[in-house]
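Quick notes on the structure that follows.
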4 protein chains.
Amino acid sequence: MPVLQSPADPARSAIELDASEWVGHETPLASLRGQVVLVEVFQMLCRGCVSNGIPQVQRVRQTLPDVAVVGLHSVFEHHEAQGPQSLRAFLYEYRIGFPVAIDRNDGESIPVTMRAYGLQGTPSTLLFDRAGQLRLHAFGTVSDIALGAYLGVLLSEHGPEQAVGAPTETTGQLTR
Amino acid sequence: MPVLQSPADPARSAIELDASEWVGHETPLASLRGQVVLVEVFQMLCRGCVSNGIPQVQRVRQTLPDVAVVGLHSVFEHHEAQGPQSLRAFLYEYRIGFPVAIDRNDGESIPVTMRAYGLQGTPSTLLFDRAGQLRLHAFGTVSDIALGAYLGVLLSEHGPEQAVGAPTETTGQLTR
Amino acid sequence: MPVLQSPADPARSAIELDASEWVGHETPLASLRGQVVLVEVFQMLCRGCVSNGIPQVQRVRQTLPDVAVVGLHSVFEHHEAQGPQSLRAFLYEYRIGFPVAIDRNDGESIPVTMRAYGLQGTPSTLLFDRAGQLRLHAFGTVSDIALGAYLGVLLSEHGPEQAVGAPTETTGQLTR
Amino acid sequence: MPVLQSPADPARSAIELDASEWVGHETPLASLRGQVVLVEVFQMLCRGCVSNGIPQVQRVRQTLPDVAVVGLHSVFEHHEAQGPQSLRAFLYEYRIGFPVAIDRNDGESIPVTMRAYGLQGTPSTLLFDRAGQLRLHAFGTVSDIALGAYLGVLLSEHGPEQAVGAPTETTGQLTR
């Protein structure tokens with residue numbers, strides 16, 4: 001079981017999701033400030049994503065409404081079969097109600113956000129605390145009990161406002 | 001539990017799979033003569049197909065090698081996201097080793113074979129006996145025990161050669 | 001996947017369930033004549049029986065009502081914890097509606113029927129054809145598809161009456 | 001999803017497990033001081049306990065080693081079939097490695113601890129914080145994600161020593 005990283009990890013400061021498009025939702029970044037955020041990195045034709053990763057985050061949404069869930073569609077193979085139009089059909093058929101960002105493709109086979117976070121593949125789960133710091137990066141499957149425990153710990157932490165006594169405009173956000 | 005139809009059902013005589021293309025395999029029709037055949041009708045973005053129908057026929061293949069399994073990709077929605085190139089990526093990612101026919105699209109929203117068999121949707125399972133007659137048509141999920149029992153019954157039946165004492169060129173085939 | 005034995009296997013002729021007691025049911029042996037019979041050999045404190053074997057035969061009962069299911073409680077360990085009174089509580093809590101025979105204990109650690117059939121442990125599944133001959137003996141878990149297929153084959157076979165053209169009083173029965 | 005109770009709930013102060021016997025372990029109460037404790041209340045012949053409750057706490061043990069798990073065998077039916085000797089056989093067969101207390105029977109059909117906590121049945125899950133206060137009481141099944149989250153929250157809380165700045169001998173314990 002991977003461990004939650006210290007919030008002070010200097011290599012993992014402010015968050016960036018570099019999206020070429022948000023599918024079916026306005027950019028949710030402003031609304032994520034101060035929240036515990038789960039980013040599910042997936043590909044629509046990735047079997048482990050469809051059978052494990054996506055059902056798990058749907059269970060998280062049903063169980064822990066205080067956790068903000070967003071998807072990141074990071075296509076690094078079968079580009080032609082996993083374009084925006086195909087993704088929309090997939091999200092409709094799988095009843096995916098959370099916002100999904102399409103990871104920006106700059107011509108490399110691996111998209112920008114995936115490279116920036118050094119993700120090893122899909123599915124990957126990223127957990128960010130209320131201050132917007134990356135606290136967990138797990139490739140593959142995490143058990144429901146472990147994921148629940150990580151989220152319970154992060155939900156228990158005070159946000160930056162409470163911690164430092166003042167609201168801030170520049171922390172706790174998920175920016176692109 | 002649906003019941004096996006009588007082989008003499010006159011409304012369900014010779015079989016026709018009208019394929020615009022067989023993906024990744026030569027047309028397997030000649031090799032299916034005299035065999036018990038399971039046709040799994042699916043769409044690559046149909047959630048019930050991916051979670052139930054396709055895993056079930058993969059279990060059939062592992063368990064009952066004497067049953068010939070073929071897929072029929074009958075696209076009646078999200079046509080642009082489920083084209084041949086996308087299907088090839090799907091079949092690769094899901095390690096689908098059996099032959100898959102693409103149901104012919106003649107401009108109607110429902111493809112030709114799907115209309116001809118009056119299929120209600122996907123997934124659907126069609127079972128043909130050694131004489132090439134349709135014996136079961138099930139929409140949705142059939143339990144593994146029921147499907148195993150149907151196949152056991154059909155495997156127990158003699159083919160047309162044994163039954164009539166002579167090989168035939170014109171029965172027991174899956175034609176398109 | 002084990003294979004169905006030939007019905008003519010001379011080492012496996014007439015069936016004998018040596019029961020010290022039938023729990024909750026009259027002795028069902030007369031009613032089993034001419035039927036396909038599944039005997040589930042189990043112990044109430046055997047984890048594989050509780051998690052796999054018993055749920056599977058309950059699925060068989062729901063799916064294939066023409067198969068006669070009986071249980072055989074063959075206790076070879078924890079004798080004091082798996083006596084008749086404990087078994088009755090177990091059968092009640094697990095909603096087991098099929099007849100259960102208690103395998104006779106003659107002072108040996110392994111009970112009589114278990115020894116007679118050379119069973120290796122629990123759960124074991126025994127399948128008998130309409131003529132009362134043992135056709136399958138599987139220790140451990142058989143997949144639902146395989147079990148369904150075996151049963152489909154056996155259900156397809158004619159009973160001794162049909163096969164030999166005359167009813168018989170002395171075949172096709174499960175005797176103790 | 002039930003919610004964690006406030007630690008100051010006056011109706012749920014000091015913990016009492018009234019055990020007539022601890023099976024296979026020394027009384028673990030002293031070692032539980034200052035720890036987050038999960039008490040799984042079960043009966044060995046309770047189907048929901050065997051299929052859901054016990055496997056879940058075994059997953060908790062594998063995943064969250066900082067959570068102390070104990071069982072409480074609260075027999076309120078089939079007393080004769082669920083005695084200490086039968087329980088030992090059950091614990092052996094199900095590979096249950098955590099300490100199990102037998103809830104004291106004082107002649108009433110419902111045992112003492114079960115009555116004291118007002119438990120509605122089995123399985124029930126009780127969560128205690130590091131100060132020994134009951135924080136969750138759930139009857140039936142809690143999802144893995146929810147249980148993980150509760151435990152994550154409780155693990156995040158400081159024990160009474162850290163909170164009040166001094167070790168105490170009289171809080172944070174599970175007493176009987």
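The values are calculated or read from the model by the stated rules, or taken from the named source; none is laboratory data. Keep in mind that this is a model prediction, so the values were computed, not measured. Every residue, glycine as well, gets a Cβ built from its backbone with ideal geometry; the counts of neighbours run over all protein chains shown.
Quick notes on this structure:
- Every residue from the range D:100-116 that is within 22 Å of D:VAL36 (Cβ to Cβ) and surrounded by fewer than 21 Cβ atoms within 10 Å (Cβ to Cβ): D:ALA116
- Condition met for B:PHE90 (surrounded by fewer than 23 Cβ atoms within 10 Å (Cβ to Cβ) and modelled with pLDDT of 95 or more): no
- Checking C:SER124 against (1) under 30 Å from B:LEU154 (Cα atoms); (2) modelled with pLDDT under 95, the condition it does not meet: (2)
- Every residue from the range C:62-81 that is within 14 Å of chain D (Cβ to nearest Cβ) and surrounded by fewer than 17 Cβ atoms within 10 Å (Cβ to Cβ): C:GLU77, C:HIS79, C:GLU80
- Residue list for the range A:34-61, restricted to those being surrounded by 23 or more Cβ atoms within 10 Å (Cβ to Cβ) and out of contact with any strand residue (DSSP E or B) (no Cβ under 8 Å at 6 or more places or on another chain): A:LEU45, A:CYS46
- Scanning the range A:82-119 for residues that are assigned to a helix (DSSP H, G or I), in contact with a strand residue (DSSP E or B) (Cβ under 7 Å, 6 or more places away or on another chain) and more than 14 Å from every other protein chain (Cβ to nearest Cβ) yields A:VAL112, A:THR113, A:MET114, A:ALA116.
- Within the range A:120-155, the set of residues being small (Gly, Ala, Ser), more than 8 Å from chain D (Cβ to nearest Cβ) and assigned to a loop (DSSP other than H, G, I, E, B) comprises A:GLY121, A:ALA131, A:GLY132, A:GLY140.
- Of all residues in the range A:68-114 being of a type in the set (S, T, N, Q) and closer than 23 Å to B:MET44 by Cα, the one that is nearest to the chain's Cα centre (by Cα): A:SER74
- Checking each residue of the range D:156-172 against the condition of being in contact with a strand residue (DSSP E or B) (Cβ under 6 Å, 6 or more places away or on another chain), modelled with pLDDT under 95 and either buried (at least 21 other Cβ atoms within 10 Å of the Cβ) or in a strand (DSSP E or B) (or both) gives no match.
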